[in-house]
Amino acid sequence: MSTINKGISATWWYTFSGVLMIQLVVAFLWTTVLSSALGSAVAAVVITVGALLWCATSVPLLLQYRHRDDTAGLGAGLRATLLPVAVAVAFGVTCGILSGLWIAAALPIAQSLVLLNWPSGIRVRLVIAVSVVLAALWFIDLRVADVMEHPALTRAWWMLGVFSIMLPAMTVLSLWWWDVVITLDRARVAEARLSATQERLRVATDVHDLQGHHLQVIALQLELAERLTVKGETDAALEQLRLARTSVDDARQGTRDLATRFRGVPLPDEIANAVDLLRAAGISAEATVDPQAAAAPASVLGPVIRETTTNVLKHGGGAWARLSLTLAGDAWRYAIVNDAASDPVAGDGAGLEGIARRAADAGGELDVRRDGDEFSVTVTVPRAATEVTR
């Protein structure tokens, strides 16, 4: 079976864990080296606890970054960032006083600053500036501080410098990748909405052109029949009525043909469209589709997919939905499950009744269940179900 894209949440957690892991590695290196160089148990404990707090306070900054608004500016959520930044400053100052190293004091502050909600252009200039400052402080510490008097510092100095100088840049590059993913996802959603709008406009145009033409002709024929009847020309009036009936049949056949064109959408595309529609409405949706799904009876299950998707949007009010179309033995099984906040069966229930009728006409069955806050609709039809033409 093939699984449709589950969204971008996994990408975010990869980004989040990657940034946090890099910071933890750098913090571990500094803690290990400084604890060994200072030779004080108290200083070692203070630096270790401070490093853990610094890494922990990066978590809310990263979580806030996930939902950041580019247009909101630095002031958005500023209150929530004060504590993490204050912890980073306190740890940096403490680490700098205990070690006597400028770079050890500046690194936590620089890392917290690049995680704030800066506009894109400012963020790039900021990371370049802090990288240059960190490189300068590393060089100053090498020249001014008594680095060579501590063997542990001497052995790790180059490694500490490289990792410390690169930490803000690696962080921003990871977050830039997340920004790219977000931009692409928004573009995909916008494209899906535009495609749906264009499709609705095309359908409306086709229906207007088809029905408008026939209705106008029928109206003229009936008007002519009325005038002929008044004049006593009965045979001519009956001929116009027969022509009007023919026009009605043509309009009805044209409507059938138009509906048949839309029933011909492959079921994998139907489900993909349903997932896009649910996601555009803010629902976390995912779907599992059998590789042979294109062979399933589209005229039976296509309307079912559309109707159940509408039910989720109209009645569900939940946060997630799962769709699946699988081949189980000699039957196709379509299921949609969501965390319904209200009961979709409430009210007239016309949608589910229509689904039940359609399934029964194809020799299948409908199963509707509620388990706590989870609501599921399952439709099973025979593999050889005949196409529904009405």
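Some observations on this one:
- When we screen V124, V133 for residues that are modelled with pLDDT of 90 or more and closer than 24 Å to V19 by Cβ, the only hit is V133.
- Scanning segment 270-313 for residues being in contact (Cβ under 8 Å) with a residue 24 or more places away in the chain and assigned to a helix (DSSP H, G or I) gives a total of 29.
- S247 meets all of the listed conditions (1) without any contact (Cβ under 8 Å) to a residue 24 or more places away in the chain; (2) hydroxyl-bearing (S, T, Y); (3) surrounded by 14 or more Cβ atoms within 10 Å (Cβ to Cβ) but one, namely (1).
- Of the set (1) surrounded by fewer than 17 Cβ atoms within 10 Å (Cβ to Cβ); (2) not assigned by TED's automatic domain parsing to the domain that holds S324, all apply to G282 but (2).
- Residue match in segment 202-213 (condition: at pLDDT 75 or above, more than 22 Å from N273 (Cβ to Cβ), among the charged types (D, E, K, R) and not assigned by TED's automatic domain parsing to the domain that holds V26): yes
- Matching residues in segment 21-39 - criterion: being surrounded by 13 or more Cβ atoms within 10 Å (Cβ to Cβ) and over 16 Å from M166 (Cβ atoms): T31, T32, V33, L34, S35, S36, A37, L38
- Residue check, V265 closer than 22 Å to A190 by Cα, in a loop (DSSP other than H, G, I, E, B), among the β-branched types (V, I, T) and at pLDDT below 85: yes
The values are calculated or read from the model by the stated rules, or taken from the named source; none is laboratory data. Just so we're clear, the structure is a prediction, and the values are computed from it rather than from any experiment. Don't worry about glycine lacking a Cβ; one is built from the backbone with ideal geometry, like all the others, and counts go over all protein chains shown.
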